[in-house]
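Here the structure comes first, spelled out in structure tokens, and everything after it is commentary.
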Amino acid sequence: MSDISAYDGTGDAGFGDFVQLLKPRVMSLVVFTAMVGLIVAPVHLHPLVAFASILFIALGGGASGALNMWYDADIDRQMRRTRGRPIPAGRVTGGEALGFGLGLSLVSCLMLGLAANWFAAAFLAFTIFFYAVVYTIWLKRRTPQNIVIGGAAGAFPPMIGWACATGGISVESLLMFALIFMWTPPHFWALALFMKDDYSRAGVPMLTVTHGRAVTRNHILAYTLMLAPFALALGLTSVGGPVYLTVAVLLNLGFIWGGARLVRRSETEAEADRYRAERAFFRYSLAYLFLHFAALLAEAGLHSAGYAAW
Amino acid sequence: MVGAIRPDHELHRRRWSRNLGLGLSLLAFVVLVFGLTIVKVSRQDAHGNPPAATQPAGATP
């Protein structure tokens, strides 16, 4: 061991390394969708309570990210994409990440209970458990359906946001869940198509590795088709409206078209243009989710201005 | 060798950034809890219960 790595892992990580443990990019999605869930709910919270609720949901999501990095440090070390994370890079020890994740989980759930309500807090605790234990520890390394099940963890935040305001669950919050839940598999499988050697080297049973790339392409198209009804149904509930429906119709047509384009491509074609269509589909999927939730926000704005369509 | 005992190693910078970040996070937490307390206390009803808006009828706890 060189003397440089002897310094590392001695508890002298910078503040930024602990921020990295929270997976800030995933957190931005959690913040945005939880915020939309909270804002479109029919009950209005005091702005400071709303702010605190979103903050603690985000911290809870971050805590589950830290627990995920603690458990997955061994496979993160083998993948190019994740090699620079704080634990594999030696800047934070596994024990530090575990303690940080557990402590932050406890604080975020307790504070969400005090700020909003205990149903939302229990929901957040369940989400952390689902991501850290059910997905990361039990399923990620065992089944090629890992992405499908793991997607549920990412789909809970808007439901928690809604629960902060209303104290319960409704058809609107369930459809927001379904939108993210059905969107996650095509999003990550597109990523797996152009990050291919990474997952196989780490031994994670991604669908591309276990069932082949042609099957993965078919799965992507199937999910874009199954996703569309949920996305459109959300527009017919109390949080939807003509603006949302217009956006949803256009985005879903584009998503299905993109999925169909991936199915028609062979691996040789994809390798020839360095997975251009796959990368484009991945970027489109990010815009797809963002714009759906942005349209919900727009509808909430119209509703509070008195332009409720239904 | 006066320079040798000055704590300007890269490690000290990381330690400083961590301490500063933790300090600011704790400060922000205190301010937030104080603000939440003001909001909760000033909005409760005559019996000291939270306003009905946060716990609507039909809520499933």
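Just the residues that are surrounded by fewer than 12 Cβ atoms within 10 Å (Cβ to Cβ) and either closer than 11 Å to A:Gly16 by Cβ or more than 9 Å from chain A (Cβ to nearest Cβ) (or both), please, taken from the stretch B:9-23.
Within the stretch B:9-23, just B:Gly23 meets the criteria.
Are any residues in the stretch A:188-218 more than 20 Å from A:Arg81 (Cβ to Cβ), surrounded by fewer than 21 Cβ atoms within 10 Å (Cβ to Cβ) and not hydrophobic (A, V, I, L, M, F, W, C), and if so, which ones? Spell out how you get there, then give the answer.
Taking the stretch A:188-218 and keeping what is more than 20 Å from A:Arg81 (Cβ to Cβ), we get A:211-212, A:214-215, A:217-218.
Adding the requirement that they be surrounded by fewer than 21 Cβ atoms within 10 Å (Cβ to Cβ) leaves A:211-212, A:214-215, A:218.
The answer is A:His211, A:Gly212, A:Asn218.
Kindly establish whether A:Leu98 is without any contact (Cβ under 8 Å) to a residue 40 or more places away in the chain and either more than 14 Å from every other protein chain (Cβ to nearest Cβ) or out of contact with any strand residue (DSSP E or B) (no Cβ under 8 Å at 6 or more places or on another chain) (or both).
Values: without any contact (Cβ under 8 Å) to a residue 40 or more places away in the chain: yes; either more than 14 Å from every other protein chain (Cβ to nearest Cβ) or out of contact with any strand residue (DSSP E or B) (no Cβ under 8 Å at 6 or more places or on another chain) (or both): yes.
Considered against the rule, which asks whether it is without any contact (Cβ under 8 Å) to a residue 40 or more places away in the chain and either more than 14 Å from every other protein chain (Cβ to nearest Cβ) or out of contact with any strand residue (DSSP E or B) (no Cβ under 8 Å at 6 or more places or on another chain) (or both), A:Leu98 comes out as yes.
Considering each residue of the stretch A:263-288, count those that are farther than 18 Å from A:Ala192 by Cβ and either outside the structural domain of A:Leu191 (by TED's automatic domain parsing) or within 23 Å of the chain's Cα centre (by Cα) (or both), and give that number.
1
Name every residue in the stretch A:121-152 that is surrounded by 17 or more Cβ atoms within 10 Å (Cβ to Cβ) and of a type in the set (A, V, I, L, M), in order of residue number.
Looking only at the stretch A:121-152, we keep the residues that are surrounded by 17 or more Cβ atoms within 10 Å (Cβ to Cβ), and these are A:121, A:123-125, A:127-128, A:130-132, A:135-136, A:139-140, A:144, A:146-152.
Hits for the stretch A:121-152 are A:Ala121, A:Leu124, A:Ala125, A:Ile128, A:Ala132, A:Leu139, A:Ile147, A:Val148, A:Ile149, A:Ala152.
In the stretch A:136-161, what residues are without any contact (Cβ under 8 Å) to a residue 40 or more places away in the chain and farther than 16 Å from A:Trp183 by Cα?
A:Trp138, A:Leu139
Assess whether A:Pro42 counts as being farther than 19 Å from A:Thr136 by Cα, within 14 Å of chain B (Cβ to nearest Cβ) and modelled with pLDDT under 95. First the steps, then the outcome.
Numbers: farther than 19 Å from A:Thr136 by Cα: yes; within 14 Å of chain B (Cβ to nearest Cβ): yes; modelled with pLDDT under 95: yes.
When the stated conditions are applied, A:Pro42 passes them.
A:Leu174 passes all but one of (1) free of Cβ contacts under 8 Å to residues at least 40 places away in the same chain; (2) more than 24 Å from A:Asn68 (Cα to Cα); (3) surrounded by 23 or more Cβ atoms within 10 Å (Cβ to Cβ); which number fails?
Unmet condition: (3).
Among (1) surrounded by fewer than 17 Cβ atoms within 10 Å (Cβ to Cβ); (2) closer than 23 Å to A:Phe181 by Cα; (3) within 14 Å of another protein chain (Cβ to nearest Cβ); (4) touching a helix residue (DSSP H, G or I) at 6+ places or on another chain (Cβ under 7 Å), which single condition is A:Gly62 missing?
(1)
Would you tally the residues in the stretch A:111-128 being closer than 14 Å to A:Ala58 by Cβ and at the interface with another protein chain (Cβ under 7 Å from one of its Cβ atoms)?
Of the residues in the stretch A:111-128, 1 are closer than 14 Å to A:Ala58 by Cβ and at the interface with another protein chain (Cβ under 7 Å from one of its Cβ atoms).
Every residue, every condition in (1) more than 7 Å from chain A (Cβ to nearest Cβ); (2) modelled with pLDDT of 80 or more; (3) not in a loop (DSSP other than H, G, I, E, B), yes or no:
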{"position": "B:Thr37", "(1), (2), (3)": "yes, yes, yes"}
{"position": "B:Pro50", "(1), (2), (3)": "yes, no, no"}
{"position": "B:Ala53", "(1), (2), (3)": "no, no, yes"}
{"position": "B:Thr60", "(1), (2), (3)": "no, no, no"}
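The rows are residues; the columns are (1) modelled with pLDDT under 95; (2) within 17 Å of A:Thr184 (Cβ to Cβ); (3) in contact with a Ser or Thr (Cβ under 6 Å, 6 or more places away or on another chain).
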position	(1), (2), (3)
A:Leu227	no, yes, no
A:Leu245	no, no, no
A:Ala248	no, no, no
A:Ala272	yes, no, no
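The values are calculated or read from the model by the stated rules, or taken from the named source; none is laboratory data. Everything quoted here is computed from the prediction, not taken from an experiment. Note that we place each Cβ from the backbone using ideal geometry, even for glycine, and neighbour counts take in every protein chain shown.
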